[in-house]
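The values are calculated or read from the model by the stated rules, or taken from the named source; none is laboratory data. Bear in mind the structure is a predicted one, so any value in this text is a computation, not a measurement. No Cβ is skipped: glycine too gets one built from the backbone with ideal geometry, and neighbour counts run over all protein chains shown. Side chains are part of the model used for accessible areas, which takes the heavy atoms of the whole protein and leaves out ligands, DNA and RNA. Shrake-Rupley method; radii C 1.70, N 1.55, O 1.52, S 1.80 Å.
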Amino acid sequence: MKKLILSFAAMLCLCGSICYGGDRDAAKILLNSAEKSLKEADYTTAQSMCERALAEDKDYPKAHLIMGQILEAAGKAKEAITSYQLAADLAKKEKDSVTETQALSAAKKLAPGLLDIKLADQKLSDKLAALATNAANESQLDTAKSAYQAVLALNPANEDAKKHLDDVQHKIDARGDPVKAKIAAAGLSEVWYQFGNGKKDDARKLAEEISSKFADTPFGKEAAKLVECNFDLSKTLTQDIAEAKVQFKEAAKKPTPVTPTTTSTAPSTKSPQAGVDIDAVERTATEEAKALAKDKIVPTFLDTYTKGKSFYTKATPGSEGNQKNVASALEQFIRCEALYMRIDQEKLMTPEVEDHEKDASMLRYACMKMTILSH
């Protein structure tokens with residue numbers, strides 16, 4: 001009775017009435033039928049049954065071996081080599097030395113030259129995959145896309161490359177046109193500069209224009225957010241600064257484009273001029289604030305705020321020394337925050353200090369955003 005039930009299950013599987021999900025046993029049953037058809041020179045049926053076996057278990061080494069034999073018998077040498085190589089690779093992973101040897105022997109016998117080409121293609125594919133991964137990690141999306149496409153041209157069955165290519169394409173779609181994004185970023189930097197210098201109406205008009213013209217870029221969306229909240233980030237500023245701090249450190253690793261001189265037409269790059277180690281400045285600012293005599297804290301705070309505003313006023317986007325002035329302003333506003341904490345502890349607060357601290361925090365964020373947007 002048990003044998004009868006098994007036989008009936010096998011017949012149902014062959015007729016397509018039931019299906020197995022990733023079942024090696026089901027794949028073996030189907031492969032037996034494929035081998036039988038191969039011996040009878042019924043290559044169409046043999047290939048169909050072998051494909052069904054692989055649908056049940058795509059990592060079954062022997063199924064790829066038999067597929068290679070079917071393709072070879074049908075006169076498809078290049079496709080057969082691919083199946084033999086895949087069979088050998090999977091068999092090696094499963095420590096199935098018999099199937100591995102059979103697959104490699106069949107490939108060498110069929111076309112040693114094609115096997116050599118296949119192995120060379122695999123090595124090139126591995127190098128391209130590594131290049132693609134590195135490019136994707138560095139946000140060089142167009143390079144990553146081209147590399148993954150090349151990998152798939154060499155090995156269309158590479159599922160990892162397909163997945164990574166999809167991920168990169170999604171990021172490219174989200175990024176939109178890089179030229180438009182660059183223009184929007186420059187405009188948003190100008191928005192922050194105008195706002196920080198008290199020209200809120202001008203900043204709003206420019207932000208509205210950017211949000212309208214570049215709505216499909218991250219910077220257009222950011223401009224829309226500023227317009228919506230009327231530049232009042234008080235509820236989210238602490239979190240905004242924390243996020244900008246991470247982005248700032250990433251931006252500092254990237255070279256800054258240099259405008260070509262009249263004697264050179266080639267674009268060049270240089271290390272960013274931001275040069276601010278935020279963590280180090282925060283530590284130093286805290287230590288300096290603690291060391292100040294009580295009667296010096298408020299005057300020092302007011303002087304530091306004034307210096308920060310002076311540097312910020314000179315930090316016109318796109319101008320000579322822009323990033324140097326932004327960096328100097330950022331340092332002063334970081335010191336303002338450390339001094340403000342000391343003022344609060346010593347109960348020396350005044351309305352003037354309160355107003356300046358709110359402005360200093362916002363300007364600190366603006367300095368960080370201007371640096372990030374310039375990269």
Charge dipole (the chain, unit charges on Cβ, about Cα centre) - positive-most of Pro351, Val276, Tyr43: Tyr43
Any idea what log10 I(q)/I(0) is at q = 0.08, 0.10 Å⁻¹ for the chain, Debye with uniform C-alpha scatterers and no solvent? -0.65, -0.77
Give me the accessible area per residue for the chain, probe 1.4 Å, as a whole number in Å². 57 Å²
How much mean residue ellipticity at 222 nm does the chain get from its helices, if each DSSP H run of length 4 or more adds -39500 (n - 2.57) and you divide by all residues, to the nearest 500 deg cm²/dmol? -25500 deg cm²/dmol
What is the distance, in nm, between label points placed 7 Å from the Cα along the Cα-to-Cβ direction at Asn137 and at Glu250? 1.5 nm
Residue among Cys367, Tyr305, Ala315 farthest towards the positive dipole end of the stretch 275-375, charges placed on Cβ: Ala315
Sorted largest first, the C-alpha extents of the stretch 32-140 along its principal axes in whole angstrom are 54, 31, 27
Quick one: net charge of Tyr148's neighbours, Cβ under 10 Å, K/R +1, D/E -1? 0
With all protein chains present, the chain has a carbon and sulfur share of its accessible area (1.4 Å probe) in percent of 55 percent
Highest average packing first - 299-306, 27-34, 150-157, Cβ atoms within 10 Å: 27-34, 299-306, 150-157
Past the 24 Å Cα-Cα mark, which pairs from Lys171/Lys221; Lys123/Lys145; Lys235/Lys294; Lys235/Lys369; Lys245/Lys324? Lys235/Lys294
Once you charge only the Cβ atoms, +1 for Lys and Arg and -1 for Asp and Glu, what is the size of the charge dipole of the stretch 197-247 about its Cα centre, to the nearest 20 debye? 80 debye
Pairwise FRET efficiency - Glu243 versus Lys290, Cβ, R0 = 35 Å, nearest 0.05: 0.80
Running Debye on the stretch 308-371 with equal point scatterers at the Cα sites and no solvent, what base-10 log of I(q)/I(0) appears at q = 0.15, 0.18, 0.20, 0.22 Å⁻¹? -0.46, -0.61, -0.71, -0.81
Which ³J(HN,Hα) values, rounded to whole Hz and listed in residue order, are derived for the stretch 208-217 from phi using the Karplus coefficients 6.51, -1.76 and 1.60 in 6.51 cos²θ - 1.76 cosθ + 1.60 with θ = phi - 60°, glycine and proline given as x? 5, 5, 5, 5, 7, 6, 10, 4, 8, 10
